[in-house]
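Report on the structure given below.
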Amino acid sequence: MKALTKGFALGIIVILLLSACSKVANNDASHHANETATKQAVAATQAEEKLNQPPVEPVVTRDGNKVHIEMTAQVTDVEISDGVFYNAWTFNGTVPGPVLRVKEGDEITFTLKNMDPYIPHSMDFHAVHAAPSKKFIDVMPDQEGTFTYPANNPGVFMYHCGTKPVLAHIANGMYGVIIVEPKDGYPSDSEIDREYTIVQSEWYKENDMEAFLNEEPEYVVFNGSDFALKKHPLLAKVGDKVRIYVNNVGPNEVSSFHIVGTVMDRVYLDGNPNNVLYGMQTVMLAASGGAVVEVTVTEAGDYPIVTHQFNHASKGAVGILRVTEDGLDNGNAVMGH
Ligand SMILES: [Cu+2]
């Protein structure tokens, strides 16, 4: 569809150029008309041109319990599989966007700079209480918007662009995780040796609304690509207790999150310390659902992390938790799953 549109735009330019050539002797008025048409065609081509804006670091500053967060909405190519790039709509140029961490009781002042010259974007933090019609509103192209809200609930929350159609903005890459640490911590904090964050998501045909609506995902991935947690396994030492902050951002599928070779000591559903479960094999994550998952690794080796919906694992949602005697990467080839 996109290629067709582009071909169509190029066709218009060729026609314009041909018509310009055949009317060399025309008077000023038609010359002016041609110039205007050419300018319009160039503008149309520029609108068609894919942007690839370099990633921008988010700015996070704290003053007491007031946290200022500054992020960008931008269009950036991201690698979703070996050599496969997706022209993504992003927060700060990465998919998922930056992992944010605040504390229960913080007040967030959030600024979104929309670097996308063509369409509006916005921010919907699942971690806050706010009227969406006032605080999750569109920020127009090349503009910025600032919003203030409290983060009064601890948890592992999704954030995403909420601009219509939301499905397109999420499927194109505009999501991430904000962790709100409980004000008194988790009861198991003192036992934890290592912490990681995993975001599960889907990739469909690039910017194809029909595929987002009605087709199966081409990839289901952890942390943005089908290789992120294979090329760079999560590391642990024998005997460590490992905590994973996990969220399934969808947009369409649920996750059956499972770590092969372990039983979860504790799971805090949605990351709230009151929602504790023990001895879980698999935790189900709704679209946008999160959890804090804790496991103890007792033996050296590679432990695959999967969604136990194996059609999705086969499409990329596999990571490796690599356990070694010293906690360092031994560089072993990753075992398949
Ligand atoms: Cu958006």
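What follows draws every value from the coordinates through simple rules; no lab data is involved. Since the model is a prediction, treat every value here as computed from it, not as a measurement. Every residue, glycine among them, receives a Cβ derived from its backbone with ideal geometry; neighbour counts consider all protein chains shown.
In segment 59-181, taking the dipole from charged Cβ atoms about the Cα centre, the farthest positive-side position among Asn92, His68, Ala131 is held by Ala131. Pull up all non-local amide H partners of Asp77: gap of 5 or more, or a different chain, and H-to-H distance under 5 Å with H placed in the peptide plane. Here Gln53, Ala88 satisfy the definition. What is the count of Lys pairs in segment 59-181 whose alpha carbons sit under 23 Å apart, if the two are 8 or more places apart or on different chains? For segment 59-181, the number of qualifying lysine pairs is 10. Whole-Hz Karplus values for segment 58-74 come out as x, 10, 10, 10, 10, 9, x, 9, 9, 10, 9, 10, 10, 10, 10, 9, 7 Hz, taken residue by residue from phi with 6.51 cos²θ - 1.76 cosθ + 1.60 and θ = phi - 60°; glycine and proline positions read x. Residues whose amide H falls under 5 Å from that of Gln309, counting only those 5 or more places apart or on a different chain, are Ser256, with hydrogens built in the peptide plane. Taking a ≥ b ≥ c as the square roots of the eigenvalues of the alpha carbon gyration tensor, segment 59-181 is prolate, as a/c is not under 1.5 and a/b beats b/c.
Placing +1 on each Lys and Arg Cβ and -1 on each Asp and Glu Cβ, with no other charges, gives segment 59-181 a dipole about its Cα centre of roughly 340 debye. Using alpha carbon centroids, what distance separates segment 261-337 and segment 162-215, in Å? Measuring centre to centre over Cα atoms gives 16 Å. Could you tell me whether segment 60-113 comes out rounded, prolate or oblate from its Cα gyration tensor? Rule is a ≥ b ≥ c as square roots of the eigenvalues, rounded for a/c under 1.5, then prolate if a/b exceeds b/c, otherwise oblate. It is prolate, given that a/c is not under 1.5 and a/b is the larger ratio.
Provide the percentage of antiparallel DSSP beta bridges, counting only those with both residues in segment 160-276; round to the nearest 5.
Numbers: 7 of 15 bridges.
So the antiparallel bridges in segment 160-276 amount to around 45 percent.
For segment 189-324, the percent of C-alpha pairs falling in each 5 Å distance bin, counted from 0 to the bin holding the largest distance, reads 2, 11, 20, 24, 19, 12, 6, 3, 2, 0.
Can you pull out the GluC sites (Glu not before Pro) in segment 230-337 whose DSSP state is coil and whose Cβ has at most 11 other Cβ atoms within 10 Å? Could the numbers behind the result be given before it?
Details: sites: Glu253, Glu294, Glu299, Glu325; in loops: Glu253, Glu299, Glu325.
Answer in residue order: Glu299, Glu325.
Taken about its Cα centre, segment 237-337 carries a charge dipole of about 200 debye when Lys and Arg each add +1 at the Cβ and Asp and Glu each add -1 at the Cβ.
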